Amino acid sequence: MKPTVAPFPATRLRRARQTPGIRGLVRENYLATGDLIWPVFVREGKGEEEPVPSMPGVMRRSVDKIAEAAREAQALGIPAMCIFPYTPLEQRTEDCAEAWNPDNIANRAIRAIKDAVPEMTVMTDVALDPYNINGHDGYVVDGEIVNDRTVEALVKMTLAQAEAGADIIGPSDMMDGRIGSMRQALESEGHQKVMILSYTAKYASAFYGPFRDAVGASGALTGDKNTYQMDPANSNEALRLVERDLTEGADMVMVKPGLPYLDICRRVKDTFGVPTFAYQVSGEYAMIQAAAQNGWIDGEKVMMESLMAFKRAGCDGVLTYFAPAAARLLNG
Ligand code: PBG
C-alpha cells in the first residue's frame, strides 16, 4: 500500500508536533516500569554496599542488601532483577565448582529475593567467568575454550539456580548446544516452568569493560572472548543463532550490547516476532554517567532517550543499570 501524502502545504507534518497533548496522541512507543530488568551485583558480607568505581551509582551488595533492593524495586514497579556474583578470589578455580554450589552467593541472593518479595521475577546469569580462575565463560584446556565440557558444567549451574528459585535462566556463555541441554535438564528435573532468556546474539564487545571490574574478572581474563562471542561485523549470524536457540527451547532472546546493536534488535523482532530483549551494558551505562557527571549531557534525558530507543527498535524490554532511576522518573 502506497502512503497517501499530499504535497506541501496540504501536508505539514509539524501539525502533529505542536503541543504536548497532540504529540502524546500520535506517540508510537512507550517505556514503562514493566519493561525493565535490573541487573544487580552481589558480594559476601552483611550490610555491605560497595560502589563500583567504573559504574557510578552501581553497588556490589551483600545478600541482605540485595533483599532490601528487591523491596525497593517492587515499590518502584520493576518486575525483574538479574543477579551477578562478585565471587571471592579463593572460590575461583580451574574446575569452577563454586558455580553449581547450591549455597554460592548468587543462589543465596535468589533465595533472599524470593523470601523478601515472592512476586519478584528473578533472572540469573549462566557462565563460568565469575568462578573461573582465568576469567573465561568456559573451561580452558590447553589454551582452548572447550565447548561440550563447559555445557555440562552450565547445566549443573542451571539446575542449582532453578532449585534456588530462579524464574528465568540467562545463559550468557555463547557455547553451542547449551540451550537444548539446559531445557532438557530443566524438564527432566521438574522445572518445567523455569524460563530461558538466551543471550543469543552476544557480541565480543569492549563495552563490557566496567562489568568485568564489577565482578572482579578484569584482571583474571587471559586473552579475549572472540572464539565464542560474536564478531561485531556480523548481522546474519545473529539470525541463525536466534533460530537455533528457539529450536532448542529458548523462551526469549537477547541482543547484547544494546544501543550499538539496535539494528540487530530490529531484525530479530521482525524476523521471528518472539520476546526480544536488549542489554544496555556496563560500558553504555558508564559513558552516559561519565558525560553527565562532567556536565556535558543531561544525564536523565539521555537515559530516557536511550531506553526509548530500545522500544522503538522492537524490544519488549531492556536490562539496564538505570532501572531504578528510570522507574523513579516514570513514576513521576
Ligand atoms: C559474563 C557476562 C558479561 C556480561 C554479562 N554476563 C561479561 C562478558 O561476557 O565478558 C556483561 C554485562 C555488562 O557489561 O553490563 N558472561
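Under a 1.4 Å probe, what is the accessible area of the chain per residue, stated in Å²?
45 Å²
Calculated mean residue ellipticity, 222 nm, the chain: -11500 deg cm²/dmol, from DSSP H runs (n ≥ 4) at -39500 (n - 2.57) each, averaged per residue and rounded to 500. Ellipsoid semi-axes for the chain, based on the Cα gyration tensor and the rule √(5λ), read 34, 23, 19 Å when sorted largest first. Distance between the 7 Å Cα→Cβ label points at Thr19 and Glu49: 4.3 nm. Rank Leu128, Pro56, Phe211 by how far each Cα sits towards the positive end of the charge dipole of the stretch 31-253 (+1 on Lys, Arg Cβ; -1 on Asp, Glu Cβ) and give me just the farthest. So the residue furthest toward the plus end is Pro56. Counting only trypsin sites (Lys or Arg not before Pro) that DSSP places in a loop and that have at most 10 other Cβ atoms within 10 Å, the longest clean stretch of the chain runs over 47-192.
About the Cα centre of the stretch 31-253, how large is the charge dipole given +1 on each Lys and Arg Cβ and -1 on each Asp and Glu Cβ? Please answer in debye to the nearest 20.
So the magnitude is around 420 debye.
For the stretch 1-101, the list of GluC sites (Glu not before Pro) that fall in a loop by DSSP and count at most 12 other C-beta atoms within 10 angstrom reads Glu28, Glu94.
Of Lys225/Lys256; Lys156/Lys193; Lys225/Lys301, which pairs sit farther than 24 Å apart, going by alpha carbon to alpha carbon? Over 24 Å Cα-Cα: Lys225/Lys301. Using only the alpha-carbon atoms, how far is helix 282-293 inclined from the longest principal axis of the chain? Give it as 0 to 90 degrees, nearest 10. For helix 282-293, the angle is close to 60 degrees. Between helix 148-164 and the chain, what is the angle of the helix's C-alpha long axis to the longest principal axis, kept within 0 to 90° and rounded to the nearest 10? The helix 148-164 is inclined about 80 degrees to the chain. Rounded to the nearest 10 degrees, the angle from helix 236-248 to the longest Cα principal axis of the chain is 60 degrees.
Within the chain, antiparallel bridges make up roughly 15 percent of the DSSP beta bridges whose residues both belong there. Comparing Cα centroids, the stretch 8-28 and the stretch 164-239 end up 43 angstrom apart.
How big is the charge dipole of the stretch 32-111 about its Cα centre, in debye rounded to the nearest 20, if each Lys and Arg gets +1 on its Cβ and each Asp and Glu gets -1 on its Cβ? Here the size comes out at about 220 debye. Just going by the charge dipole of the stretch 197-314, with Lys and Arg at +1 and Asp and Glu at -1 on Cβ, which of Thr200, Ala292, Ala313 is farthest out on the positive end? It is Ala313. With a Förster radius of 41 Å applied to the beta-carbon distance between Ser235 and Glu72, the computed FRET efficiency rounds to 0.60.
When the chymotrypsin sites (Phe, Trp or Tyr not before Pro) in the stretch 1-95 are filtered for DSSP coil states and for at most 12 other beta-carbon atoms within 10 Å of their beta-carbon, the remaining sites are Tyr30. Taking all Cα pairs closer than 8 Å and separated by 6 or more residues, the relative contact order of the chain comes to 18 percent.
The values are calculated or read from the model by the stated rules, or taken from the named source; none is laboratory data. Bear in mind that the values here come from a model prediction, so they are computed numbers and not experimental data. Every residue, glycine as well, gets a Cβ built from its backbone with ideal geometry; the counts of neighbours run over all protein chains shown. Accessible surface is based on the protein model in full, side chains and every heavy atom, while ligands, DNA and RNA are left aside. Shrake-Rupley method; radii C 1.70, N 1.55, O 1.52, S 1.80 Å.
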